[in-house]
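First the structure, in the form of structure tokens, and then the observations on it.
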Amino acid sequence: MFTFENVTYQDIIDIPEMTIEAGKITALTGDSGSGKTTLLKLMVKLISPSGGIIRYKGMNLIDLDPLTHRRQVVLLAQKPYLFKTSLRDNLLLGMSYHQKQVDDETLRQMLAKVELDKELDGAVDHFSGGEAQRLALARVMLLDADVYLLDEPASALDEESETIILNLLKELNQEKGKTIVMVSHHLNTIKAFADHTIKIAARRKKEARHDT
């Protein structure tokens, strides 16, 4: 799905070669500051590499329209932003950006999947960190994208909620063949969840090491 060829970004990223396989769950691991989140931003075209080539489905990422690309590749940040409107609006604003429409019943079904027992007309400004993360996950799952980039998707969840959410993502991968790239520091989670891991070395001259 993605290939990296001699990719650099400032003094953070220096990857001679790396591959993200289509239809698989890949976990990015490594020490803080090793560039894991930066890699996700590169893949979704929020930033551009200082050097080298990133290819998406064989095409040079630099040649792709950013808006079109982000309809196929979506990023869930570790601290997702919620709009200060209703829960429904927070879900539908993402759908509007991707030129898709859904009804309220579909929205309720998605909220049930992420175990968020809230009314669609309710406000979100009082949500806890875990509730905000589950809402953001529901929002990106509704988009039905080809690739999901997840930055610590369960960091604000308790152990039980984490298991539920990760199993839901596993189901999304297995039933719909979605490609999932996840940053995580939880080694036990990675072993149970990911098909492949890529460890990003925490040094200036980085090497991406595949540990399957």
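The values are calculated or read from the model by the stated rules, or taken from the named source; none is laboratory data. These numbers come from a predicted model, not from an experiment. All Cβ positions, even for glycine, are placed from backbone atoms using ideal geometry, and neighbour counts span all protein chains on display. Ligands, DNA and RNA are excluded from the accessible area calculation, which covers all protein heavy atoms including side chains. Shrake-Rupley method; radii C 1.70, N 1.55, O 1.52, S 1.80 Å.
Some notes on this structure:
- For the stretch 163-185, the condition of being open to solvent by 80 Å² or more (accessible area, probe 1.4 Å), touching a residue at least 24 places away in the same chain (Cβ under 8 Å) and within 25 Å of Ser34 (Cα to Cα) holds for at least one residue.
- Those residues of the stretch 98-131 which are assigned to a helix (DSSP H, G or I), in contact with a helix residue (DSSP H, G or I) (Cβ under 8 Å, 6 or more places away or on another chain) and either modelled with pLDDT of 90 or more or open to solvent by 90 Å² or more (accessible area, probe 1.4 Å) (or both), in sequence order: Asp104, Leu107, Met110, Leu111, Lys113
- The set of residues in the stretch 17-32 that are open to solvent by 60 Å² or more (accessible area, probe 1.4 Å), farther than 16 Å from Asp146 by Cα and at pLDDT 90 or above comprises Glu17, Thr19.
- Residue within the stretch 55-75 that is under 23 Å from His186 (Cα atoms) and among the charged types (D, E, K, R) present: no
- Screening the stretch 34-74 for residues that are in contact with a Ser or Thr (Cβ under 7 Å, 6 or more places away or on another chain) and not in a strand (DSSP E or B) and picking the one that is most open to solvent (accessible area, probe 1.4 Å) gives Ile62.
- Beta carbons closer than 9 Å, at least 6 apart along the sequence or on distinct chains, pair a first residue in the stretch 21-38 that is on the phi < 0 side of the Ramachandran plot with a second that is among the polar types (S, T, N, Q) and open to solvent by 60 Å² or more (accessible area, probe 1.4 Å) for Thr37/Gln78; Thr38/Gln10.
- Scanning the stretch 75-97 for residues that are open to solvent by less than 90 Å² (accessible area, probe 1.4 Å), in contact (Cβ under 8 Å) with a residue 12 or more places away in the chain and over 15 Å from Asp144 (Cα atoms) yields Ala77, Gln78, Pro80, Leu82, Phe83, Thr85, Ser86, Leu87, Arg88, Asn90.
- Residue within the stretch 104-112 that is farther than 19 Å from Glu162 by Cβ, of a type in the set (Lys, Arg) and over 18 Å from the mean Cα position of the chain (by Cα) present: yes
- Any hit, the stretch 141-151, residues being closer than 30 Å to Ile13 by Cβ and open to solvent by 60 Å² or more (accessible area, probe 1.4 Å): yes
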